[in-house]
Amino acid sequence: MTEVYYVKNVSQENFEKLLRNLDLSFVKPKDFVALKTHFGEDKCVTYISPKLYSPLVKILAEKECFPFYTDTNTIYVGKRANAVEHLKIASEHGFSLESLGIPVIIADGIKGNDYVEVEINLKHFVKAKIASNIYYSDALICLTHFKGHMLFGFGGSIKNLGMGCAARPAKFLLHNAMKPKFKVENCIGCGRCISYCPKKALKLDYEKKVIIFDSAKCVGCGECVHICDYKVFSIPWDLTYKEVQERTVECAYAVVKDKIGKVLYINFLMNVTQDCDCINKKQIPKITNIGIVAGYDPVAVDYCSLNLVNEVYGKDLFKEFWPKIDYLFQLDYAEEIGLGSKQYKIVEI
Ligand code: SF4
Ligand code: SF4
């Protein structure tokens, strides 16, 4: 049975107490340590504050390794869709070298197309496109705000790994968006998208002053969705939630496949909102502070977090948030492919 470590009440002191009780010997001097977090979308106020992470920064400094905060670019249009704007948001939300003493690096490059293909040979993916700077890190600490999610019911460590560490083309595939939807009537013929398409799938009809989309050449990288300001291209969000969960779990498997014994999962059970931190609005949390759950098995850490939240709430909060989503599906599939186990034992610190 997997041990899962738990400390009640989220605070810097309790986080340090938890960390001092964990085995962090997997972090070696000079290791590049990716601290995978979420900087929060522009108007989000419930992301995990960087101040809370200071005990971790202190302990990693003692280990003389090279930690960096990281996240990947989004596929939806927003302030985190390219590394330049993403870094600005991160800095505005307190994540910067100046304020934290460690740098922020966007893991999949300026345009989200810097990735490594990891062979997994699973049901949906033979290979998964994982953000380079996460793939090349020696160790990974997955720092997750545990909250609701419209496709997953809840968003925990598995989602942070699978969706959060995937490069943008992989995120398209997670949503089955092999190709964007195309609404030619919105096009004003500015031609801006053409140079961004890596496959020359876009060209301008100079007479009609509209873009011509060659669907056969398109590889679904998603660049045009971000570049065009006129909503000509959009993401077809038409997959069932179960398939999105399965695909994300497979990506999560790819992220940690070559990092056996080098990954730690930490879920912060605080400010539990209905939606994730990608939503660009202020959300009112249903629960403000429960505690921190940590361990070396993402399935056990997520399952334990889920049970703790529902226990404190007194009923199934995530079913209340998203009645049509079977959130256990992600955990069952993760177990099935060997990502971890739902059998856990709590060690309360
Ligand atoms: S699709 Fe968008 S970016 Fe491309 S030419 Fe038309 S309006 Fe411009
Ligand atoms: S999704 Fe990528 S490959 Fe397809 S048209 Fe858009 S930019 Fe080109």
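The values are calculated or read from the model by the stated rules, or taken from the named source; none is laboratory data. Given the structure is predicted, the values throughout are model-derived calculations rather than measurements. Reconstructed Cβ throughout: ideal geometry from the backbone, glycine too, with neighbour counts over all protein chains shown. The area values use the complete protein model at the heavy-atom level, side chains included, leaving out ligands, DNA and RNA. Shrake-Rupley method; radii C 1.70, N 1.55, O 1.52, S 1.80 Å.
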Sequence-distant residues sharing a close amide H with Lys127 (under 5 Å, placed H): Ile120, Asn121
Label-point separation, Ile188 to Lys43 (7 Å along Cα→Cβ), nm: 2.4
Portion, in percent, of the accessible area of the chain that falls on carbon or sulfur, probe 1.4 Å: 53
Viscosity 1.306 mPa s, 10 °C: Kirkwood-radius Stokes-Einstein D of the range 44-87 over Cα pairs, µm²/s: 126
Mean separation of Cα contacts under 8 Å (6+ apart) over length of the range 128-260, as relative contact order %: 33
Placed amide H near Lys79: partners under 5 Å, 5+ positions off or other chain: Asp42
Computed FRET value (nearest 0.05) for Lys123 with Lys58, which takes r as the C-beta separation and R₀ as 41 Å: 0.45
Point-to-point label distance, Glu336-Tyr136, nm (Cα→Cβ direction, 7 Å offset): 3.6
Accessible area per residue, Å², the chain with all protein chains present, probe 1.4 Å: 43
FRET efficiency for Lys345 and Ile110, using Cβ-Cβ distance with R0 set to 45 Å, rounded to 0.05: 0.55
Accessible area in the full protein assembly, largest first, 1.4 Å probe, for Thr240, Thr2: Thr240, Thr2
Integer Hz, Karplus 6.51/-1.76/1.60 couplings in order for the range 219-224, x for Gly and Pro: 10, x, 6, x, 4, 4
Estimated inter-spin distance, Thr288 and Asp326, nm [label 7 Å along Cα→Cβ]: 3.7
Quarter of the Cα convex hull surface for the chain, i.e. its orientation-mean projected area (nm²): 16.9
The range 134-186 - percent relative contact order, Cα under 8 Å, separation 6 or more: 21
Listed residues Cys251, Cys187, Cys278, most fluctuating in the chain (Gaussian network, C-alpha, under 10 Å): Cys187
Kirkwood hydrodynamic radius over Cα pairs of the range 178-234, then Stokes diffusion coefficient at 25 °C and 0.890 mPa s, in µm²/s: 223
Cβ-derived FRET efficiency at R0 41 Å, Ala216 paired with Asp316, nearest 0.05: 0.35
Backbone HN-Hα couplings from phi across the range 152-168 [Karplus 6.51/-1.76/1.60, Hz, Gly and Pro as x]: 10, x, 10, x, x, 4, 4, 5, 4, 6, x, 8, x, 9, 7, 6, 4
Backbone HN-Hα couplings from phi across the range 109-121 [Karplus 6.51/-1.76/1.60, Hz, Gly and Pro as x]: x, 4, 10, x, 10, 9, 8, 10, 8, 9, 6, 10, 6
The chain: relative contact order in percent, alpha carbon pairs under 8 Å with at least 6 residues between: 24
Label zone at Leu97 (point 7 Å along Cα-to-Cβ), backbone N below 20 Å, the range 18-37: 30-37
Amide proton proximity set for Val210, modelled H, under 5 Å, gap of 5+: Asp205
